[in-house]
1. Using 0.36 nm per residue, how much length does the chain from V20 to H118 gain when fully extended, once their Cα-Cα distance is taken away?
2. Ignoring ligands, DNA and RNA, please state the percent of accessible area on the range 1-61 from carbon and sulfur, probe 1.4 Å.
3. Could you grab the relative contact order for the chain? Cα pairs under 8 Å, six or more apart, rounded to a whole percent.
4. Would you work out which of G151, Q51, L15 lies farthest towards the positive end of the dipole of the chain? Charges go on Cβ: Lys and Arg +1, Asp and Glu -1.
5. Counting only heavy atoms of protein chains, what accessible area per residue, in Å², does the chain have with a probe of 1.4 Å?
6. Between K47 and K13, how high is the FRET efficiency from 1/(1 + (r/R0)^6) when r is the Cβ-Cβ distance and R₀ = 22 Å? Nearest 0.05.
7. Take the solvent-accessible surface of the protein heavy atoms, probe 1.4 Å, and return the percent of it on the range 107-169 that carbon and sulfur atoms account for.
8. Just check the range 1-93 against the gyration tensor rule for me: Cα atoms, a ≥ b ≥ c as the square roots of the eigenvalues, rounded for a/c under 1.5, and otherwise prolate or oblate depending on whether a/b exceeds b/c.
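The values are calculated or read from the model by the stated rules, or taken from the named source; none is laboratory data. None of the values given here were measured: they were computed from a predicted structure. So basically every Cβ, Gly included, is an ideal-geometry build from the backbone, and we count neighbours across all protein chains shown. In case anyone asks, the SASA skips ligands and DNA or RNA and just uses the protein heavy atoms, side chains included. Shrake-Rupley method; radii C 1.70, N 1.55, O 1.52, S 1.80 Å.
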Amino acid sequence: RQQVMDIDFSSEKTLFLNDVAVKDAHTLFVSATDLGKIFQVRLSPVKPHFQALALKEEIRGPNGLLYQPATKSLFVVGFGKDNQPNGQVGVVYMQRGVSYEILSDVQGLLDGVALVSHSQLLFSDWVAFEKKGELKSFNLKTKEIKTLDLGDKIAGPADFYYQPSSRKIWIPEMMAGKILIEDLPQ
């Protein structure tokens, strides 16, 4: 194992860098949940560079990130602001400039995000800091939100992984020290 690059965010005074999404071979997005910012990082072995996306709109605790190159869109789920479960599901559009749109009025302690199909987005919601967490499905066309039946609530559903070929979801239970592996409910 060899370290390839070191990117120092200490000048930003963040203590909660959270998720990373790949834009292309030279660019990443990184959420800073505590600052309410998303950074775009240009990778360079000589001198990596980062800057916050210049958004006019507030993102309450940006957490989970998912970049879609075809639409130049970055899906964002928020963990909330001021220790409140007021995080939202939104998208940053980057076609002409940069703008943020809230996609639903649902609020919570939102953490992970994945795209199941061109119209179905999954996201996790801690609900509370105990075994009450859920995985939710959001239909991008109809705006309908469903709580998926996984049989039991989850103790801190963090950033999860969805594997399209098997339709399995790997969900860390942060507060229980476990990983759940579930089939995506129909």
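1. Values: separation 98, 0.36 × 98 = 35.28 nm, distance 2.09 nm.
That pair, V20 and H118, stretches by 33.2 nm at full extension.
2. Carbon with sulfur: 51 percent of the solvent-accessible area.
3. Working: 465 pairs, mean separation 20.6, N = 186.
Reported as a whole number, the value is 11 percent.
4. My answer, from the dipole projection, is Q51.
5. 56
6. Working: r = 21 Å, r/R0 = 0.95.
Computed FRET efficiency for K47 and K13 comes out at 0.60.
7. 49
8. Oblate is the answer for the range 1-93, as a/c is 1.5 or above yet b/c matches or exceeds a/b.
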